[in-house]
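K.L.:
Got a structure for you, questions after.
The values are calculated or read from the model by the stated rules, or taken from the named source; none is laboratory data. Predicted model only: the values in this text are computed from it and were never measured. Note that each Cβ is placed from the backbone with ideal geometry, even for glycine, and that neighbours are counted across all protein chains shown. The area values use the complete protein model at the heavy-atom level, side chains included, leaving out ligands, DNA and RNA. Shrake-Rupley method; radii C 1.70, N 1.55, O 1.52, S 1.80 Å.
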Amino acid sequence: MIGFLSSRSPGESAPVAAAFRKGLSENGYVVGQNVQIDYRWAEGQYDRLPALAAELVDLRVGVILAAGGPPSALAAKVATSTIPIVFSAASDPVALGLVASLNRPGGNLTGMSTLTTPLVAKGIELLKELLPVATGMAYLANPSNPSRGGETSAAFAAAKNLGIALHVLNASTEAEIEAAFESLTGLHAQALVVAGEPFFDSRRVKIVDLAAKYAVPASYAWRENVVAGGLMSYGTNLADSYRQAGILAGRVLKGEKPADLPVMQPTKFELTINLKTAKALRLPIPPTVLARADEVIE
């Protein structure tokens with residue numbers, strides 16, 4: 001049995017959960033035939049993760065898939081030092097203390113790195129290309145996420161290089177998300193970068209709707225936000241990250257040890273643009289940006 005521990009929500013996670021099962025099947029494990037998955041969802045409430053992880057440990061699952069970034073991976077690591085753990089998306093697993101090194105994890109964890117920290121800078125750079133006269137932007141982050149410090153530092157550095165005043169907006173509740181958007185006008189923030197973070201993933205539609213309500217051009221980490229109506233995203237293919245995690249989980253089920261399985265890093269990054277949203281914002285997309293897009297939604 002596999003324990004699926006996620007900091008996200010089941011509905012919006014359906015595509016990545018399917019991608020994980022696809023990865024398993026590539027290693028010969030088909031759910032309902034020779035493997036079962038027991039799901040636990042925190043729905044963006046990180047304080048629930050330790051208890052959910054403990055439940056999976058009590059079930060004596062063969063491997064835990066820690067889905068939804070660092071919060072679930074760290075909760076699983078605390079819960080067990082013996083059950084193998086595969087994390088699906090961790091921005092800097094060495095800095096977070098999940099593994100000793102990318103090549104030789106050394107413990108009971110391995111998985112996928114999403115490199116969201118360096119990609120924060122790219123989101124700011126792309127927004128500057130769309131809004132060359134912009135002098136102020138905002139960065140929406142969740143202070144409860146262990147990756148928040150490194151990503152915020154990367155955002156500040158990128159903004160400074162471009163001569164942009166950056167305002168960090170912290171939100172770890174729905175009310176705080178709404179308050180963050182309400183503050184944009186007073187801060188004179190002409191654009192917004194939304195951190196690629198599980199709590200925000202669980203409230204994806206709400207955030208995209210608020211960006212439309214306040215008519216703010218926003219950049220996201222995941223393509224899924226753009227499909228939901230967001231303006232633009234630049235990042236790794238999240239579904240493929242889960243598929244690769246499924247492959248790793250299958251290898252563990254076959255007897256390989258996480259300590260010997262290198263953490264995998266993405267090799268492809270995707271730029272997705274929603275032209276319908278750009279039109280609603282009356283924001284022309286430069287041909288140079290459109291030419292680099294991997295996907296254009298019309």
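K.L.:
Residue check: is Gly32 at pLDDT below 95, open to solvent by 30 Å² or more (accessible area, probe 1.4 Å) and either touching a helix residue (DSSP H, G or I) at 6+ places or on another chain (Cβ under 6 Å) or among the small types (Gly, Ala, Ser) (or both)? Give the derivation first.
P.N.:
Values: at pLDDT below 95: yes; open to solvent by 30 Å² or more (accessible area, probe 1.4 Å): yes; either touching a helix residue (DSSP H, G or I) at 6+ places or on another chain (Cβ under 6 Å) or among the small types (Gly, Ala, Ser) (or both): yes.
So Gly32 fits the description; yes.
K.L.:
Checking the condition part of a loop (DSSP other than H, G, I, E, B), of a type outside the set (Phe, Trp, Tyr) and modelled with pLDDT of 95 or more, which residue from Ser81, Ser25, Ser9, Ser101 passes? Write out each step before concluding.
P.N.:
On the way: Ser25 fails: part of a loop (DSSP other than H, G, I, E, B); Ser9 fails: modelled with pLDDT of 95 or more; Ser101 fails: modelled with pLDDT of 95 or more.
The unique qualifying residue is Ser81.
K.L.:
Further question on the same structure: Looking at region 107-206, what strands (runs of 3 or more DSSP E) fall wholly within it and have at least 2 residues that are in contact (Cβ under 8 Å) with a residue 40 or more places away in the chain? Can you show your working first?
P.N.:
Values: elements: 109-113, 136-141, 165-170, 192-194.
Fully inside region 107-206 and qualifying: 109-113, 136-141, 192-194.
K.L.:
Across region 211-220, which residue is most open to solvent (accessible area, probe 1.4 Å) among those that are assigned to a helix (DSSP H, G or I) and under 22 Å from Glu125 (Cα atoms)?
P.N.:
Keep residues of region 211-220 that are assigned to a helix (DSSP H, G or I), which gives 211-213.
Add one more test, that the residue is under 22 Å from Glu125 (Cα atoms), and what stays is 211-212.
Details: Ala211: 7, Ala212: 74 Å².
In this case the residue turns out to be Ala212.
K.L.:
From the residues in region 227-244 that are in contact (Cβ under 8 Å) with a residue 40 or more places away in the chain and more than 14 Å from the chain's Cα centre (by Cα), which one is most open to solvent (accessible area, probe 1.4 Å)?
P.N.:
Ranking the qualifying residues of region 227-244, first place goes to Val227.
K.L.:
Show the residue pairs that are 6+ apart or on different chains and have beta-carbon atoms under 8 Å apart, the first residue being within region 1-21 and under 19 Å from Glu197 (Cβ atoms), the second being open to solvent by less than 40 Å² (accessible area, probe 1.4 Å) and among the basic types (Lys, Arg).
P.N.:
So the pair list comes out as Glu12/Arg204.
K.L.:
What are the residues in region 76-91 that are of a type in the set (A, V, I, L, M) and surrounded by fewer than 24 Cβ atoms within 10 Å (Cβ to Cβ), if any? Explain how you work it out, then say what you get.
P.N.:
Here is the first cut: in region 76-91, the ones of a type in the set (A, V, I, L, M) are 76, 78-79, 83, 85-86, 89-90.
Val78, Ala79, Ile83, listed by residue number.
K.L.:
Okay, next question. Being aliphatic (A, V, I, L, M) and free of Cβ contacts under 8 Å to residues at least 12 places away in the same chain narrows it down to one of Ala89, Ala51, so name that one.
P.N.:
Testing whether each residue is aliphatic (A, V, I, L, M) and free of Cβ contacts under 8 Å to residues at least 12 places away in the same chain leaves just Ala51.
K.L.:
Of all residues in region 232-274, which are closer than 25 Å to Glu125 by Cα, among the β-branched types (Val, Ile, Thr) and touching a strand residue (DSSP E or B) at 6+ places or on another chain (Cβ under 8 Å)?
P.N.:
Listed by number, the residues that qualify are Thr236, Thr272, Ile273.
K.L.:
Here's something else I'd like to know. How many residues does region 252-294 hold that are under 28 Å from Gly23 (Cβ atoms), of a type in the set (D, E, K, R) and open to solvent by 60 Å² or more (accessible area, probe 1.4 Å)?
P.N.:
Count: 6.
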